[in-house]
Every structure is written in structure tokens, then in C-alpha cells.
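Note sheet for the following structure.
The values are calculated or read from the model by the stated rules, or taken from the named source; none is laboratory data. If you're wondering where the values come from, they're calculated on a predicted model, not measured in any experiment. Methodologically, a virtual Cβ is constructed for each residue, glycine included, from the backbone with ideal geometry; neighbour enumeration extends over all protein chains shown. Note: areas computed on protein heavy atoms with side chains; ligands, DNA, RNA excluded. Shrake-Rupley method; radii C 1.70, N 1.55, O 1.52, S 1.80 Å.
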Amino acid sequence: MKKNKLFTGLASLALVAGLVACGGEDDASNGADDGANGENESDTNGDEASEYSSAEASYVIEAGIGLNNQHPQYEGLLRFKEIVEESTDGDVYVETYHSSTLGDDRQMMEALQLGSQEVTIPSTAPITNFVEEYAILDFPFLFPNEEVAMEVLNGEVGDRLLDALEDQEMVGLAWWENGYRDLTNSVQPVATAEDFEGLTLRTMENEVHLEAFSELGANPTPMAFGELFTGMQQGTVDGQENPLATIYLEGYYEVQDHYSDTNHVYSPFVFLMSKQFYDGLPDNYQEIVRDAAQDAGEFQIEENRRQNNELLDSLIDEGMEYTEVTDEAREEMAEIVQPVNDSFAEKLDQDFVEQFYDAIEEAEQNLE
Ligand code: KDG
């Protein structure tokens with residue numbers, strides 16, 4: 001199990017503070033040799049091998065993600081495709097697109113709202129621009145480990161967040177996992193909170209991230225995921241933060257020197273479907289896509305955790321310098337950003353915030 005090496009129990013601390021204040025066919029382990037941006041060039045974006053065809057299907061799902069075809073997220077998407085096509089005997093056909101071919105997270109969500117794209121699976125951070133409650137998921141140092149996070153997300157409070165998407169013309173079918181985010185940069189080793197000073201860091205489009213990194217002394221700048229590799233290559237940003245699997249499989253070692261296991265925030269993915277499309281499916285197909293998103297998600301989560309846990313040596317082999325971040329250093333970072341969590345928590349529905357922190361506490365007890 002990958003733990004946030006810091007704080008079992010930090011969530012309860014945050015609770016007090018907050019409330020007082022207010023299938024792929026690809027080998028996913030070989031990003032190193034696959035050319036620019038860690039991609040496997042043999043892949044045919046949009047048209048993965050299948051015994052079915054879009055021409056014979058009654059429904060076609062265009063599913064796009066930002067990550068490349070080496071990432072477990074894409075493997076999960078291929079598993080979704082396989083289950084859906086087999087269960088409907090090809091009557092629902094799934095076209096899969098990776099590497100932001102259909103746009104960045106925000107553009108793809110907007111396309112879902114319009115009904116011009118059917119599926120995307122973003123990290124939760126940019127969803128905050130559509131449903132403000134999602135901000136809570138990106139509070140730094142919130143979840144003590146992945147199991148607690150998943151227990152919370154698959155419980156009532158997670159359902160509440162998924163239900164809230166419907167007003168935004170999207171249906172949340174399942175929680176998938178990106179994992180704990182770590183830091184890379186090309187300027188200096190980052191071991192302590194002080195080392196963030198002056199670093200220009202690409203962040204996702206999310207106010208919590210922007211404020212938290214500012215609080216740490218960095219210069220955060222929001223940028224679409226698809227522009228990040230070039231941004232680092234050209235020196236527009238000094239660094240970025242993402243889970244280890246992304247860092248390795250996207251080939252960031254080609255343009256970054258230092259990696260630190262900050263584990264500063266747990267990042268979930270949400271499997272989103274266009275509401276317009278979902279509502280137009282017959283009941284039995286709605287059930288099939290729901291179950292398929294869940295089942296493919298279980299596979300994705302397992303594979304994602306395996307890779308997040310195993311890829312450090314490969315990253316070092318590629319020449320990145322690894323700086324281990326101690327629990328004390330994480331604790332200091334957490335203290336510095338806690339006021340950001342508290343001020344965002346104050347802006348949200350207090351009932352929801354309380355329910356959310358209670359759910360973390362309960363999940364911790366259940367999983368002890
Ligand atoms: O496919 C998911 C990506 O589009 C994105 O959400 C990855 O965490 C991410 C980031 O840093 O933008």
C-alpha cells in the first residue's frame with residue numbers, strides 16, 4: 001500500500017482546524033523507449049483494434065484523456081471499451097483517444113456538456129471550475145492513504161459529489177485513481193518547504209493548488225496538461241507536480257532533473273459521461289456503461305498503484321536525481337498550506353465539509 005508517508009490523523013487535525021475556522025495492448029512499463037513524450041508511436045489514436053466497428057454500432061462513445069497510451073488510465077479505458085463492446089455485442093462502440101488529442105480536461109468536459117464528446121476521465125482539480133465542492137478533494141495533505149480516500153469516495157459523500165455533476169450536464173460513473181502527486185523541477189533538489197521558494201511551477205487549473213503553491217513560496221502557473229512537456233522543455237516553467245507513473249510514463253526525465261516524493265496531494269480521477277448521451281441510452285445500456293466504468297476502474301486502480309509504487313528505480317535509471325522528503329518536511333509543508341485549506345473550506349457548504357471530514361475519520365477507523 002502506498003501511504004501518504006505523513007499523516008495518519010492529519011485529516012482529523014484538518015477537521016478541527018477547518019471547523020473551528022469555520023487493456024491495453026501496450027506495455028505500460030517502457031515509457032523510456034517510446035519516443036517523444038513517452039508515447040508508443042505504434043498506437044492508432046481513436047481506432048484501437050476491436051472485433052466490432054463503429055459503422056455497425058447504434059451508439060458510438062468518443063472517449064478522450066490527457067495522459068498518453070502508456071499510462072494505466074489508458075489501459076483502464078481500453079478495458080472499459082472491451083467490456084462495453086462485448087456486453088452489447090458491438091451495439092455500443094468505444095473510440096479511445098489519449099494524449100489530449102480531443103482537447104484538455106476543461107475543453108473535454110465542455111464537450112461533454114454540449115454532447116459533442118461522450119466520455120472523459122479528468123483529475124478532479126479542474127472539475128472545481130464546474131462544481132465548487134470538488135475543491136475539497138484537492139486540499140493538500142488531506143487523505144492519509146489511498147484506501148481511506150477510496151472508501152470516502154465510494155461512500156455517501158462521494159456519491160454526493162458525483163450527483164452534483166448532473167446539474168452540469170455530466171454523469172459521474174465511477175471514481176478512478178491518479179494517486180499522490182510529487183514534484184519535479186529542473187532547478188534544485190526540493191527536500192523542505194523552503195526549497196519551493198522562487199520555483200515556477202505548472203499547476204492544474206485549480207485555485208486551491210494555486211494558493212497552496214504560492215503559500216509555499218513558489219510561482220504557480222496554470223497550464224493545460226497537453227502543453228506541459230513543451231512548457232518544461234522550453235523553460236516556460238521550472239517544474240510540475242504529478243504522480244510518479246505520470247512523471248515516468250510521460251518521459252518527464254527528458255526535460256527535468258530533480259524528483260521529490262512530496263506526496264502533497266491525493267488526486268482522484270472521475271469517469272465522466274455526457275448526460276445528454278447517457279440519458280439517450282436504453283436502461284440496460286445505462287447499466288452496462290455504469291458497471292463497465294466501475295469494473296474497468298478497479299483494474300485501473302490496481303495497475304496505477306502498482307506503477308506508482310514501482311517506477312522510482314526506473315526514473316533514477318533514466319538519470320533523475322531523487323530527493324527523499326522526510327515526514328518532518330511534509331509536516332512543515334502541511335502546516336504552511338493549512339490556512340489555504342481552511343479558507344476554502346469556509347467558502348463551501350458547511351454541512352458538506354463536516355460530512356466530508358467525518359467520512360475520512362470513519363474510513364480511517366474502519367480500515368484500522
Ligand atoms: O488524463 C488525465 C489528464 O488529462 C490530467 O487530468 C492529468 O493530473 C493531470 C494533470 O496534471 O493535468
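Counting DSSP beta bridges with both partners in the chain, what percentage is antiparallel, nearest 5?
Values: 21 of 38 bridges.
Approximately 55 percent, going by the DSSP bridge assignments.
I'd like the projected area of region 53-175, averaged over all directions, using the convex hull of its alpha carbons. Report it in nm² with one decimal.
Quarter of the Cα hull surface area: 8.3 nm².
Apply the a/c threshold of 1.5 to the C-alpha gyration tensor of region 226-307 and tell me whether it is rounded, prolate or oblate.
Details: a/c = 3.49, a/b = 2.15, b/c = 1.63.
It is prolate, given that a/c is not under 1.5 and a/b is the larger ratio.
Could you work out Rg/(2.2 N^0.38 Å) for region 221-361, with Rg from alpha carbons only?
On the way: Rg = 19.4 Å, N = 141, 2.2 N^0.38 = 14.4 Å.
Normalised Cα radius of gyration, region 221-361: 1.34.
Can you compute the FRET efficiency between D89 and E302 using 1/(1 + (r/R0)^6), with r the Cβ-Cβ distance and R0 = 25 Å? Round to the nearest 0.05. Numbers along the way, then the final one.
Working: r = 27 Å, r/R0 = 1.10.
Working from the Cβ atoms, E equals 0.35.
Per residue, how many Å² of accessible area does the chain show with a 1.4 Å probe? All intermediate terms of the calculation are to be shown ahead of the outcome.
Values: 13840 Å² over 368 residues.
Here the per-residue accessible area is 38 Å².
From the convex hull of the Cα coordinates of the chain, what is the mean projected area in square nanometres? Don't skip to the answer; put the middle values down first.
Working: hull surface 66.2 nm².
For the Cα atoms of the chain, the hull's average projected area reads 16.6 nm².
Hey, if we sort D104, D47 by accessible area with the 1.4 Å probe, largest down, what's the order?
Numbers: D104 35, D47 95 Å².
Output order, biggest surface exposure first: D47, D104.
Rounding to the nearest 20 debye, state how big the charge dipole of the chain is about its Cα centre with +1 on each Lys and Arg Cβ and -1 on each Asp and Glu Cβ. Provide the component values of the computation, followed by the final result.
Values: 15 positive and 81 negative charges, 127 e Å.
It works out to roughly 600 debye.
Tell me, what is the FRET efficiency for A55 and D291 to the nearest 0.05, using R0 = 41 angstrom and their Cβ-Cβ distance as r? Numbers along the way, then the final one.
Numbers: r = 26 Å, r/R0 = 0.63.
Once rounded, the FRET efficiency stands at 0.95.
Counting only protein heavy atoms and a 1.4 Å probe, tell me what percentage of region 160-316's accessible area is made up of carbon and sulfur.
40 percent
Need one word for region 184-235: rounded, prolate or oblate. Basis is the Cα gyration tensor (sqrt eigenvalues a ≥ b ≥ c); a/c below 1.5 gives rounded, then a/b vs b/c decides.
Details: a/c = 2.58, a/b = 1.19, b/c = 2.16.
Here region 184-235 falls in the oblate category.
Give the Kirkwood hydrodynamic radius (Å, one decimal) of region 130-177, defined as one over the mean of 1/r across all pairs of different Cα atoms. Kindly include the intermediate steps, with their values, before the conclusion.
Numbers: mean 1/r = 0.0876 Å⁻¹.
Roughly 11.4 Å, rounded to one decimal.
Among L67, V325, S54, whose Cα projects farthest towards the positive end of the dipole of the chain, with charges put on the beta-carbon of Lys, Arg (+1) and Asp, Glu (-1)?
Farthest towards the positive end: V325.
For region 95-248, state the semi-axes of the equivalent ellipsoid (square roots of 5 times the eigenvalues of the alpha-carbon gyration tensor), sorted largest first and rounded to whole angstrom. Walk me through the numbers before you get to the answer.
Values: eigenvalues 147, 76, 37 Å².
Semi-axes, largest first: 27, 19, 14 Å.
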